[in-house]
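Since the structure comes first, as structure tokens, the remarks are kept for the end.
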Amino acid sequence: MKVLIIDDNPAVRTTLKLVLNGVFDEIAAVADPRLIPALLAAGNIDVVLLDMNFDNSRLDGSDGLFWLSRIKECENAPAVVLITAFGDVPLAVEAMKLGAEDFVTKPWDNDELIAKLNKAISRNRAKRDAGLVLDKARELERLDSRRRQMTLDELKFEHVSKIVDSCGGNLSAAADRLGITRQTLYNILKKK
């Protein structure tokens, strides 16, 4: 599992890397949240541990909420756990509404942090898997609906085409598999 830490404080990044080393397969840590799109492009990040504040003149968490939204817009977005020293309940609630899996305050408890990261990864994977199942079900429903509207000749052509494809385009093998002559196969394919 791969963790991406985004925090502008070098001491926090170093400490988090030490704490998470040996628990996760890979740990990447950067200071600049503008690197997020490039770092997520490969699609191999399981969880992002995202600081809430990058602008010291503004400690309201808006930076973290902005980047959380950008992360969650990505296809197959990783889990996101937010971390901040200036957290409060309304900020945590807003973060959860935007898709954060959890919220950690600094200073953190190491075991609790690791548990939250693992739980976030599991929850995110379950949501992603459920989404894939739902997408597949929708696709099957769409295909079924389309087939219900097809004529008998269209259904026959679709079936014969699949058999020809499964035989690597070998018409003799396809005709044998279908139990028809090559000439009948030609006639079916020619009608379309």
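The values are calculated or read from the model by the stated rules, or taken from the named source; none is laboratory data. No experiment lies behind these values; they were computed from the predicted model shown. Glycine also receives a Cβ, built like all others from the backbone with ideal geometry; neighbour counts cover every protein chain displayed. Heavy atoms of the whole protein, side chains included, go into the accessibility calculation; ligands, DNA and RNA do not. Shrake-Rupley method; radii C 1.70, N 1.55, O 1.52, S 1.80 Å.
For the reader, a short list of remarks on this structure follows.
- The label-point distance for Glu139 and Lys97, in a model that sets each label 7 Å from Cα toward Cβ, rounds to 3.5 nm.
- Å² of accessible area per residue within the chain, as computed with a 1.4 Å probe and no ligands counted: 58 Å²
- Within a Gaussian network of the chain (alpha carbon springs, distance under 10 Å), most fluctuating of Ile163, Ile114, Ile71: Ile163
- Label positions at Lys162 and Arg147, each projected 7 Å from the Cα along the C-beta direction, are separated by 0.6 nm.
- Once C-alpha pairs closer than 8 Å and six or more residues apart are averaged by separation and normalised to the residue number of segment 80-125, the relative contact order reads 45 percent.
- Of Asp111, Asp144, Asp135, the residue with the greatest mean-square motion in the GNM of the chain, using alpha carbon springs below 10 Å, is Asp144.
- Ordering of 94-100, 35-41 by packing [mean C-beta count within 10 Å, highest first]: 94-100, 35-41
- Cβ-derived FRET efficiency at R0 25 Å, Ala31 paired with Lys72, nearest 0.05: 0.70
- Using C-alpha pairs below 8 Å separated by at least 6 residues, the relative contact order for segment 1-103 is 25 percent.
- Carbon and sulfur %, accessible surface of the chain computed with the full protein complex present, 1.4 Å: 54 percent
- Rel. contact order, % - alpha carbon contacts under 8 angstrom, at least six apart, the chain: 14 percent
- Label point 7 Å beyond Cα of Lys2 along Cβ direction - residues of segment 9-34 with amide nitrogen under 19 Å: 17-18, 20-34
- Each 10 Å bin, from zero up to the one with the longest distance, holds this percent of the alpha carbon pairs of segment 7-157: 10, 36, 28, 10, 8, 6, 3, 0.
- Among Ala126, Ala175, Ala77: highest mean-square fluctuation, GNM of the chain, C-alpha pairs under 10 Å: Ala175
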